[in-house]
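Structure first, commentary second.
The values are calculated or read from the model by the stated rules, or taken from the named source; none is laboratory data. Note that the structure is a prediction, hence the values are computed from the model and not measured. When we count neighbours, we look across all protein chains shown, and the Cβ atoms used for this are built from the backbone with ideal geometry, even at glycine.
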Amino acid sequence: MVSVDTSRVASVGVGDWCAVIEMEGTEADGQSFSLLRVFDRRSALVRQSSGNRTEAQVLASNMDAVMIVVPLDRAISPRQVERFLVLAWDSGAQPVVVLTKADLAGKEGPDSAQAEVTAISGDVPIILTSVVTGEGMPQVWDFVTPGRTVALLGTSGSGKSSLVNALSGTEVVVTGSVREGDNKGRHTTTWRELIVVPTGGAIIDTPGLRELGMWVDEDGINAAFSDVTDLAPLCRFNDCAHDSEPGCAVQAAIASGDLDPIRLSSYRKLLGEAAYAARKNDHRLAKEQQKIWKQRTQEGKSRARP
Ligand SMILES: Nc1nc2c(ncn2[C@@H]2O[C@H](COP(=O)(O)OP(=O)(O)OP(=O)(O)O)[C@@H](O)[C@H]2O)c(=O)[nH]1
Ligand SMILES: [Mg+2]
Ligand SMILES: [Zn+2]
């Protein structure tokens with residue numbers, strides 16, 4: 001038995017690098033450690049906690065890549081994949097999309113799924129896999145080379161734990177069946193776990209996420225929507241809102257069919273959500289906003305005066 005006393009640090013999560021000290025003679029049947037320090041994270045997957053909406057929850061940290069696991073046994077939800085991509089970009093690690101269950105996708109399925117995902121993921125690598133046929137597994141291995149850590153992100157039943165087992169060559173984590181009818185998972189994995197796989201790397205398996213509160217700053221969203229943000233510098237006005245301003249490159253791309261208008265509305269929606277979360281959770285920011293609104297109201301009033 002190994003026991004760890006975490007009372008000295010504020011928070012510690014899967015993937016964190018820590019300094020520990022071995023305690024003597026405290027555990028009769030094993031080793032006992034006291035956690036002294038959690039080192040700064042070089043990347044972190046953070047979401048708004050679902051239970052307590054005012055708290056950020058670190059799902060995994062210090063990973064090199066985040067694999068967004070998208071199953072092909074059900075329809076793809078582009079808006080959900082977009083959210084996963086924002087979270088992955090925001091983490092500071094490299095995003096990768098892994099399409100799973102290629103064996104269940106039928107003949108045309110993989111190609112159309114790849115096209116659908118590419119439309120929202122841009123240059124992010126996409127790997128088509130099946131743990132049944134072994135397809136795509138070498139490409140997954142390439143991301144889990146010695147010393148590298150990969151975190152898996154996706155809905156329940158998407159095949160995250162199955163990937164871990166396929167990489168390990170044995171059943172190291174439990175997998176579950178999906179419900180008939182909607183192919184949804186049953187939340188088989190209930191905790192986050194780091195598993196060292198035979199390739200020498202490590203994988204962080206996570207429970208399927210039901211909802212994804214945005215706890216990200218604008219940078220993560222801008223990176224995930226580079227198809228929109230790359231166009232902004234081409235707009236005639238620096239502060240273009242991409243509505244009906246003359247010379248708007250974003251609206252021009254929509255008119256020519258180069259940009260799906262849904263991408264612009266998703267981008268705005270997520271920015272709005274992130275700003276809302278920040279306002280709600282960051283008191284200092286809230287105060288600043290109040291000041292700005294007050295100032296604006298006063299300006300409005302003075303402008304209204306004759
Ligand atoms: N046919 C087929 N089934 C797969 C594949 N990958 C996973 N599955 C099945 O999909 C179901 C769900 O897989 P899991 O690996 O438990 O999914 P998960 O993402 O870990 O789910 P949670 O732990 O609930 O978040 C299981 O019945 C797996 O056997 C695949 O490549 N092909
Ligand atoms: Mg699982
Ligand atoms: Zn514009």
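Observations on the model:
- Boolean, Thr133 is hydroxyl-bearing (Ser, Thr, Tyr), surrounded by 24 or more Cβ atoms within 10 Å (Cβ to Cβ) and touching a helix residue (DSSP H, G or I) at 6+ places or on another chain (Cβ under 7 Å): no
- Unmet requirement for Arg8, which otherwise passes all of (1) modelled with pLDDT of 95 or more; (2) charged (D, E, K, R); (3) part of a loop (DSSP other than H, G, I, E, B): (1)
- Considering region 84-114, the residues that are polar (S, T, N, Q) and buried (at least 24 other Cβ atoms within 10 Å of the Cβ) include one that is nearest to Val150 (Cα to Cα), namely Ser91.
- Pick from region 254-283, criterion without any contact (Cβ under 8 Å) to a residue 40 or more places away in the chain and among the polar types (S, T, N, Q), ranking: nearest to Glu218 (Cα to Cα): Ser265
- Test: residue in region 189-196 that is crowded, with 18+ Cβ neighbours inside 10 Å, within 16 Å of ligand 1 (Cβ to nearest atom) and within 13 Å of Met67 (Cβ to Cβ): no
- Residue count for region 229-250, restricted to those that are of a type in the set (S, T, N, Q) and either under 19 Å from Leu270 (Cα atoms) or within 16 Å of ligand 2 (Cβ to nearest atom) (or both): 1
To keep it simple, each residue is scored yes or no on (1) in contact with a Gly (Cβ under 7 Å, 6 or more places away or on another chain); (2) among the hydrophobic types (A, V, I, L, M, F, W, C).
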{"site": "Gly208", "(1), (2)": "yes, no"}
{"site": "Gly220", "(1), (2)": "no, no"}
{"site": "Val228", "(1), (2)": "no, yes"}
{"site": "Ala255", "(1), (2)": "no, yes"}
{"site": "Asp258", "(1), (2)": "no, no"}
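- Listed by first and then second residue, the pairs with beta-carbon distance under 7 Å, at least 6 apart or on different chains, first residue in region 152-166 and without any contact (Cβ under 8 Å) to a residue 60 or more places away in the chain, second in a strand (DSSP E or B) and near ligand 2 (Cβ under 8 Å from one of its atoms), are Ser161/Asp205; Val164/Asp205.
- Residues satisfying the stated conditions in region 161-193, i.e. at pLDDT 80 or above, more than 17 Å from the chain's Cα centre (by Cα) and more than 10 Å from ligand 2 (Cβ to nearest atom): Ala166, Leu167, Ser168, Gly169, Thr170, Glu171
- Test: residue in region 216-239 that is within 10 Å of ligand 3 (Cβ to nearest atom), at pLDDT 90 or above and in contact with a Cys (Cβ under 6 Å, 6 or more places away or on another chain): yes
- Some residue of region 233-253 being under 21 Å from Pro78 (Cβ atoms), in a helix (DSSP H, G or I) and touching a residue at least 40 places away in the same chain (Cβ under 8 Å): no
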